[in-house]
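Here is the structure we will look at.
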Amino acid sequence: MFKHILLPVDGSELCMHAVRLGIELARTCRSRVFALHVVAPYHAMANVTELLAVGETAYTREAFLHAEHYLLAVQTLADSAGIECRSDSVLNDHPHEAILQTAHAQGCDLIVMASHGWHGVTRLLLGSQTQEVLLESDVPVLVCR
Amino acid sequence: MYQHILLPIDGSAISLRAADAGIALAAKLGARVHALHVVVPLPTIPFLDEIIATSNFAYEDSARVAGNRYLDDVCARAKAANVPCLSSLESDATPQRAIVAKARLLGCDLIVMGCNGWRGLDRLLLGSATQHVIVHGGVPVLVER
């Protein structure tokens with residue numbers, strides 16, 4: 001069955017709900033998980049950089065600190081469930097790209113992700129990154145709401 | 001974890017792959033499955049009778065026969081895996097509506113289905129039925145690729 005589950009983590013409450021489901025599934029199937037956080041590069045935030053008081057170095061440092069915080073939350077849940085969890089945070093303009101690359105590189109056989117991310121359920125029928133992953137994934141995707 | 005898994009099948013290879021995945025997961029979780037096939041009635045357009053060689057009733061009969069065959073196939077696979085399986089055949093112009101209604105009625109806690117079915121450009125589009133079920137199903141959806 002599923003042996004290595006990829007958990008994309010953006011830190012939103014919706015995604016943590018999916019993470020909890022993914023970890024529970026891993027516990028039942030005796031699989032291991034890989035938690036991934038994708039950081040948007042400074043240039044991808046171009047339209048707001050005039051508003052940002054910080055330069056690229058400070059932004060990137062902050063973003064990776066947040067990443068560590070989110071991934072640590074996932075690690076804690078995994079440890080409580082007694083399942084092996086590795087993680088990584090990467091820079092990519094398009095989170096879905098990093099998600100698919102990581103699934104492939106890590107040999108994951110299932111992706112568990114929320115239907116929506118930070119924008120929440122109000123704006124789109126289906127979150128843009130979830131939609132992209134569903135379109136291009138080689139492995140099954142468990143979509144949680 | 002998941003205890004009652006709905007398996008909507010349209011008879012396409014991908015839907016049967018999804019059914020296999022759903023059955024394997026059910027076996028692992030000690031869950032039961034419910035296989036569902038939805039027959040789409042031919043739209044009644046007056047002049048169409050002259051164009052198509054078969055009548056509405058004949059179409060519906062052969063569609064039901066095919067549907068029952070798909071359901072028998074899935075039930076046999078479930079039985080081989082020692083997974084309790086019930087099945088039903090419905091008729092609805094929009095299959096996704098019947099799928100969502102069935103999941104709600106049966107109290108299913110997971111739906112496992114293919115990312116698209118017979119129609120749609122293979123991997124370029126997310127099937128409309130799958131999209132609808134993810135958005136309106138109310139439960140997690142495992143999308144098989």
Identify the single condition in (1) at pLDDT below 95; (2) part of a helix (DSSP H, G or I) that B:ALA21 does not satisfy, given that it satisfies every other one. (1)
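Residues are listed down the side, and each one gets a yes or a no for (1) of a type outside the set (A, V, I, L, M); (2) closer than 24 Å to A:MET1 by Cα:
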site	(1), (2)
A:SER80	yes, yes
A:SER87	yes, yes
A:LEU91	no, no
A:GLN101	yes, yes
A:HIS104	yes, yes
A:ALA114	no, yes
Take the residues in segment A:91-100 that are touching a strand residue (DSSP E or B) at 6+ places or on another chain (Cβ under 6 Å) and of a type in the set (A, V, I, L, M); name whichever of them is nearest to the other protein chains (Cβ to nearest Cβ). A:ILE99
Please find, within segment B:58-88, the residue that is farthest from B:LYS102 (Cα to Cα) out of those that are hydroxyl-bearing (Ser, Thr, Tyr) and modelled with pLDDT of 95 or more. B:TYR70
Could you check A:LEU71 against (1) more than 10 Å from every other protein chain (Cβ to nearest Cβ); (2) touching a helix residue (DSSP H, G or I) at 6+ places or on another chain (Cβ under 9 Å); (3) among the aliphatic types (A, V, I, L, M) and say which number it fails? (2)
May I ask you to verify whether A:ARG61 is open to solvent by 50 Å² or more (accessible area, probe 1.4 Å), more than 30 Å from B:ILE23 (Cα to Cα) and not in a strand (DSSP E or B)? yes
Please determine whether any residue of segment B:95-115 is of a type in the set (S, T, N, Q) and modelled with pLDDT of 90 or more. yes
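Residues are listed down the side, and each one gets a yes or a no for (1) closer than 24 Å to B:CYS115 by Cα; (2) more than 14 Å from every other protein chain (Cβ to nearest Cβ); (3) buried (at least 17 other Cβ atoms within 10 Å of the Cβ):
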| residue | (1), (2), (3) |
| --- | --- |
| A:THR76 | no, yes, no |
| A:ILE83 | no, no, yes |
| A:SER89 | no, yes, yes |
| A:THR102 | yes, yes, yes |
| A:CYS108 | yes, no, yes |
| A:HIS116 | yes, no, yes |
| A:HIS119 | yes, yes, no |
| A:SER128 | yes, no, no |
| A:ASP138 | yes, no, no |
Could you list all residues from segment A:88-110 that are under 22 Å from A:HIS66 (Cβ atoms) and outside any helix (DSSP H, G or I)? A:ASP88, A:SER89, A:VAL90, A:LEU91, A:ASN92, A:ASP93, A:HIS94
Among the numbered criteria (1) surrounded by fewer than 21 Cβ atoms within 10 Å (Cβ to Cβ); (2) touching a residue at least 12 places away in the same chain (Cβ under 8 Å); (3) touching a helix residue (DSSP H, G or I) at 6+ places or on another chain (Cβ under 9 Å), which single criterion is violated by A:LEU124? (2)
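The values are calculated or read from the model by the stated rules, or taken from the named source; none is laboratory data. No experiment lies behind these values; they were computed from the predicted model shown. Don't worry about glycine lacking a Cβ; one is built from the backbone with ideal geometry, like all the others, and counts go over all protein chains shown. Areas reflect the complete protein model, heavy atoms only, side chains present, ligands, DNA and RNA absent. Shrake-Rupley method; radii C 1.70, N 1.55, O 1.52, S 1.80 Å.
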